[in-house]
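The values are calculated or read from the model by the stated rules, or taken from the named source; none is laboratory data. Since this is a predicted model, take the numbers as computed values, not measurements. Note: ideal-geometry Cβ built from the backbone for every residue, glycine included; neighbour counts use all protein chains shown. Heads up: the accessible areas ignore ligands, DNA and RNA and are worked out on the full protein's heavy atoms, side chains in. Shrake-Rupley method; radii C 1.70, N 1.55, O 1.52, S 1.80 Å.
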Amino acid sequence: MPAASAVRVWAAGLDLAWQAWAPELAAVSDRLDLQPGDRVLDAGCGSGLGIRMLARRVAPGGLVVGVDTDPEALGWAAWSLRDLAGQGSSVELWQEDLTALPFPDDAFDAAWCSSVLGYLADPGAALRELVRVVRPGGRIVVISGDAARHTFLPIEPELESCLRDAELRAVRDGVWGADVDIHLGRRLYGLASRSGAARVTPLTLVWERTAPLTSTEHRYLARLLDGLTGPAVAPYLGPDLDVCRSVLDPAERGCVLHRPDLHVVQTATGMLLEVSG
Ligand SMILES: C[S@@+](CC[C@H](N)C(=O)[O-])C[C@H]1O[C@@H](n2cnc3c(N)ncnc32)[C@H](O)[C@@H]1O
């Protein structure tokens, strides 16, 4: 196992999100219309969770190529995907930049790209590359979230707007990284429309859960709530910090996560790009 604890913690966070969103991600990946034997690109594969999902869908005889710029992410992916050897699909990992892929035109039947474009200086260039390397008639699914796209019901709307405001100001100040566009989801349709794809269909993913939560859902939301009132955002909440914590800190009895009438809605923007056939 790769030793560096930072990559392990990062991969565990992605793993939790993938487990929580598993039904929604499976449903949206259906839109790729993958067949056994297909060649599919996981663009910005990170820790390899997308590769695992795609490999099952193209078996037997398929190929999943994961591309990422981060060698540590690729090291983690290689380690965590080793059980796929001999399971019916081939997996290759390439350290490459999505905006300048080394593959010929039409090299893939499909491409998948989740939670990556917000990290790129030129996400439009990456989308044009995906359209170039997918064959005519092939499909691409791109998913990109947007901060402040979560609603915890039934908390008061005033509290929600104060949280949202704090979160947006924290994002604007770059507390989660100055180079990350955490709102890319709201530009995705425009970017996809200019990518050269023949047709672009929006596919918003809606993650909606009510109490009682599974333990995975609970852990996933507790982590999200920690982020909303944790050290990065707390200074932006000012005098509202205590009241927000009383409702959102999972350690508090009054936390919304413990309510029997909890209803959570989160969304992530997705697009289906069809390459002209
Ligand atoms: C939040 S992770 C998402 C990983 C994976 N797609 C998932 O859904 O779990 C973003 C990934 O994009 C990768 N990335 C960032 N810029 C990239 C680029 N220019 N080309 C390829 N990968 C890139 C990062 O290294 C990171 O692994």
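Of 129, 156, 24, which is the most mobile in a GNM of the chain whose springs link Cα atoms less than 10 angstrom apart? For the chain, modelled as a Gaussian network with Cα springs under 10 Å, the answer is 156. Normalised radius of gyration (Cα atoms, divided by 2.2 N^0.38 Å) for region 1-71: 1.18.
The alpha carbon centroids of region 234-250 and region 45-112 are separated by 41 Å. The calculated FRET efficiency for residue 12 paired with residue 125, based on their beta-carbon distance and R0 = 45 Å, is about 0.90.
Sort region 33-142 into rounded, prolate or oblate with this rule: let a ≥ b ≥ c be the square roots of the eigenvalues of the Cα gyration tensor; rounded if a/c is under 1.5, and if a/c is not under 1.5, prolate when a/b is larger than b/c, oblate otherwise. Oblate is the answer for region 33-142, as a/c is 1.5 or above yet b/c matches or exceeds a/b.
Between 213, 205, 49, the Gaussian network model of the chain with springs among Cα atoms under 10 angstrom shows the greatest mean-square fluctuation at 213. Computed from Cα atoms, the angle from the helix 5-20 axis to the main principal axis of the chain rounds to 90 degrees. Look at the dipole of region 1-51 built from charges on Cβ: of 46, 17, 28, the Cα furthest out on the positive end belongs to 46.
How charged is the neighbourhood of residue 57? Take every other residue with its Cβ under 13 Å from the Cβ of residue 57, and add Lys/Arg as +1 and Asp/Glu as -1. Surrounding charge for residue 57 is 0.
Per residue of the chain, the DSSP helices (runs of n ≥ 4 H) give a summed -39500 (n - 2.57) that works out to -11000 deg cm²/dmol at 222 nm.
Multiplying the residue separation of residue 204 and residue 173 by 0.36 nm and removing their Cα-Cα distance gives an extension gain of 8.5 nm. Using Cα atoms only, what is the angle between the long axis of helix 157-172 and the major principal axis of the chain, expressed in degrees (0 to 90) to the nearest 10? So the helix axis and the longest Cα principal axis differ by about 50 degrees. Each other residue within a Cβ distance under 11 Å of residue 246 adds +1 if Lys or Arg and -1 if Asp or Glu, for a net charge of -2. Counting only protein heavy atoms and using a 1.4 Å probe, the accessible area of residue 99 comes to about 50 Å².
Its relative contact order, with pairs defined as Cα atoms under 8 Å and 6+ residues apart, puts the chain at 20 percent.
Against the chain, whose longest principal axis comes from its Cα atoms, helix 215-229 is set at around 70 degrees.
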